[in-house]
Amino acid sequence: FNYLSENALPYRIALPANVLHPRRDEKVIAFLPAKCLAESGLQENFALHMDENGNVVGVDYDPAGGECHLEDRGAKLSSDPHFASTVSVRFYKTAPTLDPHAPTDVRGHGGPAGKKEREAKQRRSANGGTTKGDQKEEPEKTFWQKNWMYIVPVMMLLSNLVAPPAASSGGG
């Protein structure tokens with residue numbers, strides 16, 4: 001280890017790729033500079049990131065202090081060095097996905113609106129698809145129904161330009 005530290009070489013570890021069912025030929029390798037490990041007094045932290053089958057997805061390998069200054073001179077180890085390792089295992093969690101077809105009202109609660117939609121969906125699935133009773137076809141809107149909100153302000157503006165309101169004389 002002193003040779004690795006003095007020559008600024010990495011210290012490597014190899015872990016089984018599957019912790020529950022280890023195999024000799026499947027390993028996960030992590031490393032850090034030997035100087036960093038010597039500075040921390042051979043105290044190291046491992047965080048194994050695993051999936052639900054026991055496969056190691058990732059490894060965080062750090063010295064105990066968390067920081068490493070490679071510019072500093074390497075610390076000398078005691079005559080009887082020993083490793084002090086801390087290991088934590090982390091499993092990732094899959095967040096539940098949102099159901100875009102979930103029957104909810106505007107506030108996100110299942111309510112009467114959701115009940116009506118659910119019943120209509122059940123009727124459609126019972127009939128093998130959509131029925132004409134479920135879909136109300138609206139007649140196409142006329143030009144005035146579609147564009148009244150644009151026409152009214154333009155008409156008011158034109159009426160004020162053509163015949164401006166009478167100016168009142170304020171004397172008093």
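Taken together, the values in this text are just the output of simple stated rules run on the coordinates, not laboratory data. No experiment lies behind these values; they were computed from the predicted model shown. For neighbour counting, all protein chains shown are included, and Cβ atoms are generated from backbone atoms with ideal geometry for every residue, glycine included.
Here is how the numbers come out for the structure above:
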| read-out | value |
| --- | --- |
| Segment 1-86, Rg to Rh (Cα coordinates; Rh as Kirkwood inverse mean 1/r) | 1.03 |
| HN-Hα J in Hz across segment 26-39 - Karplus 6.51, -1.76, 1.60, θ = phi - 60°, x for Gly and Pro | 10, 10, 10, 10, 9, 8, 8, x, 4, 4, 5, 5, 5, 4 |
| Karplus-derived 3J(HN,Hα), 6.51/-1.76/1.60, for each residue of segment 49-55, Hz, glycine and proline x | 9, 10, 8, 6, 9, x, 7 |
| Interchain or long-range residues, amide H under 5 Å from VAL56's placed H | ASN18, VAL19 |
| Per-residue HN-Hα couplings for segment 157-162 [Karplus 6.51, -1.76, 1.60; θ = phi - 60°; Hz; x = Gly/Pro] | 5, 5, 5, 6, 6, 6 |
| Peptide ranges 39-51, 152-164, 3-15 listed from the most packed, as the mean C-beta count within 10 angstrom indicates | 39-51, 3-15, 152-164 |
| Interchain or long-range residues, amide H under 5 Å from VAL28's placed H | LEU15, ALA17 |
